[in-house]
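The structure appears below as structure tokens.
The values are calculated or read from the model by the stated rules, or taken from the named source; none is laboratory data. On a predicted model such as this, the values are computed, not experimentally measured, just so you know. When we count neighbours, we look across all protein chains shown, and the Cβ atoms used for this are built from the backbone with ideal geometry, even at glycine. For the accessible areas, the whole protein counts, side chains as well, though only heavy atoms, and no ligand, DNA or RNA atoms are used. Shrake-Rupley method; radii C 1.70, N 1.55, O 1.52, S 1.80 Å.
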Amino acid sequence: MLFQNVQVHGPSGSTITDIRVADGRVVRAGSGGEVIEGTGLGMIAVVADPDRGHVVGRIEAGMPADLLLVPQRIMPRLGTPWWRVVISRRDVRGLLTRGRSVVRDGDPVARPANPGGARTGTWIDRAGWLHQELLAEGRYDETRGGRRHAYTGRYWLDGDRIDYLDDSGFYAFGSFIGDELYHAEFVMRRG
């Protein structure tokens, strides 16, 4: 897959360039595959930061292709904590998870819900403020600060990664590490 003329935070600063994705990674060269015109769009990378969790990072060859394509006007700054990146569904022009297109023009690409039997159930943050119920049919329902159904939507599992597409229109993701679920600024355990 080739994204042409997109703005990126790269190794030498912010620039307009082409980004190629193959085998789940950003690559330097290659041919073939789908070409997506990105004029007026920005591409951001989701990278791990040991002190702040996931942040908006630089796009470099060889990195995993966890990439978000949005209009340049709303492109977040380098280093922005991922949980502060709130982008509406209509602004998600493309989302790649491990190099696979999972959202295109605000809508999920056909993808099975892949509910994970062992991962379904209620997950609660350490303070007890957030309760996130992962339902067997691939939907989630969150209670925040006692407010039931604060956020609802679909989720997908891919190994230890979970992607969310909220009914109100935004995208989020998390990771299962051991017996904990890391989502935004929350660390949750099964309730």
Considering amide H positions built from the backbone, and no H for Pro or chain starts, which residues 5 or more places from Thr80, or on another chain, come under 5 Å of its amide H?
-> Val56
With the dipole of the chain defined by +1 on each Lys or Arg Cβ and -1 on each Asp or Glu Cβ, the option from His9, Leu157, Gly32 whose Cα lies farthest towards the positive pole is His9
Heavy-atom accessible area per residue of segment 69-108, all protein chains kept, 1.4 Å probe, expressed in Å², is 53 Å²
Give a quick list of GluC sites (Glu not before Pro) in segment 131-164 that DSSP marks as loop, anything other than H, G, I, E or B, with at most 11 other Cβ atoms within 10 Å.
-> Glu137
With the dipole of segment 39-176 defined by +1 on each Lys or Arg Cβ and -1 on each Asp or Glu Cβ, the option from Phe170, Gly145, Ala118 whose Cα lies farthest towards the positive pole is Phe170
Give me the percent of the accessible area of segment 1-123 that comes from carbon and sulfur atoms, probe 1.4 Å, all protein chains in place.
-> 48 percent
Which whole-number percentage describes the relative contact order of segment 39-191, with Cα contacts under 8 Å and a sequence gap of 6 or more?
-> 16 percent
Suppose every K and R has +1 on its Cβ and every D and E has -1 on its Cβ; what is the size of the dipole of segment 97-191 about the Cα centre, in Debye to the nearest 20?
-> 80 debye
Going by a ≥ b ≥ c, the root eigenvalues of the Cα gyration tensor, does the chain fall in the rounded group (a/c under 1.5), the prolate group (a/b larger than b/c) or the oblate group?
-> prolate
With each label point set 7 Å from Cα along the Cα-Cβ vector, what nm distance links Glu34 and Asp105?
-> 1.1 nm
Net charge dipole size for the chain [Lys, Arg +1 and Asp, Glu -1 on Cβ; Debye, nearest 20] | 200 debye
